[in-house]
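> Sharing a structure, written as structure tokens. Questions coming.
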Amino acid sequence: MEISNTGTALRVAQARSKISGSQLARDFGVHPQQVMRWRNGNDMKVSLAIKFAHYFEITLGEFVGLGENHG
């Protein structure tokens, strides 16, 4: 299952938390280009969205709402 507007949600969560793409890449153990793909994408697997919600210390519903309210 995938969730829509996740790129927007990720961008908003990053901005609110003042976490750079390179910091996010380090924390998730991925290349910075992967972070850019996540930020520019529209769909994300629920399991990854849950990880982001946990990382930003918000609920999954709040994370998804960031994309819906700013998209």
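> Roughly how tilted is helix 46-55, in degrees to the nearest 10 and between 0 and 90, from the longest Cα axis of the chain?
The two axes meet at around 70 degrees.
> Let me ask another. Are there chymotrypsin sites (Phe, Trp or Tyr not before Pro) in the range 1-66 that DSSP marks as loop and that have at most 16 other Cβ atoms within 10 Å, and which are they?
none
> Also, quick follow-up: Quick check: the angle from helix 6-17's long axis to the longest principal axis of the chain, C-alpha only, nearest 10 degrees?
Helix 6-17 sits at roughly 70 degrees to that axis.
> Something else now. Using only the Cα atoms, what convex hull volume per residue in Å³ does the chain have?
Values: hull volume 5.2 nm³, N = 71.
Per residue, the Cα convex hull of the chain comes to 73 Å³.
> Something else now. Relative to the longest principal Cα axis of the chain, at what angle does helix 60-70 sit, 0 to 90 degrees, rounded to 10?
Computed tilt is about 80 degrees.
> With a cut-off of 8 Å between alpha carbons and a minimum separation of six or more residues, what is the relative contact order of the range 2-70 in percent?
Rounded, it is 52 percent for the range 2-70.
> A follow-up question, please. In what sequence, highest mean first, do 40-47, 5-12 appear when ranked by Cβ atoms within 10 angstrom?
Highest-to-lowest ranking by the protection proxy: 5-12, 40-47.
> May I ask you to compute the full-extension gain from GLN23 to ASN42, defined as 0.36 nm times their residue separation minus their alpha-carbon distance, rounded to one decimal in nm?
Taking 0.36 nm per residue and subtracting the Cα distance, the gain is 4.7 nm.
Read-outs: derived from the displayed coordinates by stated rules, not from any lab. Since we're looking at a predicted model, the values are computed, not measured. Note that each Cβ is placed from the backbone with ideal geometry, even for glycine, and that neighbours are counted across all protein chains shown.
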